[in-house]
Amino acid sequence: MARPVVPDLGIGRESAGFVSRGHPWIRPDRFTKGLDRLRPGDLVRLVDEHGRGVATALADPGAAVCARVVPDGWDPATAARRAWQRRAALHAEVLTDCYRVVHGEADALPGLRVERLGNCLNAIVTAACILPHLDAALAALAAELPDCQVIVHEHLADLRRSGVSTRAWPLGPRGPRGARSATRAPRPRRRGPAPPPGAR
């Protein structure tokens, strides 16, 4: 079976230099060409002004970071399993079962952080480019921690802001494992001094 054609995303000389030196992000500028025909999560080949391949990346058109570099031959499930294996010493630690399993770009899963909290995997999505690949990555991690609960927080804006979309994973015919999708609303601020105890 022929491999799917990976589209090119043109970048300028300065951006190509940054990537060649190990920088994982591309910010759009006047030299960026081809974003208009891409969708979040599309695998692309970054090419310089001469059409030479620089790196492979996940596209995120419309975002402040329009592409995030991944290794050539990238596969989300493989990246997730490797991230789990890198934390082997933590898995074996008897004094804690709370630690980060996936460190985003450092584990070739840009826009995704996953923390283990006991028998729960807490996934934080910070970039839309990982969303089409999220199920594959989480399935690989869940296979390493049988019977775990997985919670996904989609937080594509500033992590300090409210309005996080939270859901259980995976989604089934009756919704996410019996849980309902929820959006955190900001807590109302109390104005003035607090009333004395017993006051209405």
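Taking 0.36 nm per residue of sequence separation and subtracting the Cα-Cα distance, how much length would be gained by fully extending the chain between VAL94 and ARG81, in nm to one decimal?
Details: separation 13, 0.36 × 13 = 4.68 nm, distance 2.14 nm.
Here the answer is 2.5 nm.
Does the range 22-127 come out rounded, prolate or oblate by the C-alpha gyration tensor, with a ≥ b ≥ c the root eigenvalues, rounded set by a/c under 1.5 and, if not, prolate when a/b is larger than b/c and oblate if not? Prolate is the answer for the range 22-127, as a/c is 1.5 or above and a/b outweighs b/c. Calculate what fraction, in whole %, of the accessible area of the range 1-80 sits on carbon and sulfur atoms when a 1.4 Å probe is rolled over the protein chains. Here it works out to 53 percent. Only one residue of GLN85, CYS66, TRP25 has its Cα farthest out toward the positive end of the dipole of the range 2-92, where Lys and Arg carry +1 and Asp and Glu -1 on Cβ, and that residue is GLN85.
Given a 1.4 angstrom probe, what's the average accessible area per residue across the range 61-101, in square angstrom?
On the way: 2300 Å² over 41 residues.
With the other protein chains kept in place, the range 61-101 gives 56 Å² per residue.
From most to least packed by mean Cβ count within 10 Å, the peptides 44-55, 100-111 give 100-111, 44-55.
With a probe of 1.4 Å, find how much accessible area the range 105-147 has per residue, and write the answer as a whole number in Å². Mind showing how you got there, number by number?
On the way: 1460 Å² over 43 residues.
Accessible area per residue, the range 105-147: 34 Å².
Sequentially through the range 6-16, phi angles give Karplus couplings (6.51, -1.76, 1.60; θ = phi - 60°) of 8, x, 8, 10, x, 10, x, 4, 5, 5, 4 Hz, Gly and Pro residues having no value and appearing as x.
Give me the percent of the accessible area of the range 108-152 that comes from carbon and sulfur atoms, probe 1.4 Å, all protein chains in place. Whole-percent figure for carbon plus sulfur exposure: 52. A simple spin-label model places pseudo-atoms 7 Å from Cα toward Cβ; at ASP8 and GLN149 they are separated by 5.0 nm.
Assuming R0 = 25 Å, what is the FRET efficiency of SER165 and ASP135, from their Cβ-Cβ distance, to the nearest 0.05? Taking R0 as 25 Å, the efficiency between SER165 and ASP135 is 0.95.
The values are calculated or read from the model by the stated rules, or taken from the named source; none is laboratory data. Keep in mind the model is a prediction, meaning the values are calculated, not measured. As a convention, Cβ positions derive from the backbone with ideal geometry for all residues, glycine included, and neighbour counts pool all protein chains shown. Protein only, heavy atoms only, side chains kept; ligands, DNA and RNA dropped before computing areas. Shrake-Rupley method; radii C 1.70, N 1.55, O 1.52, S 1.80 Å.
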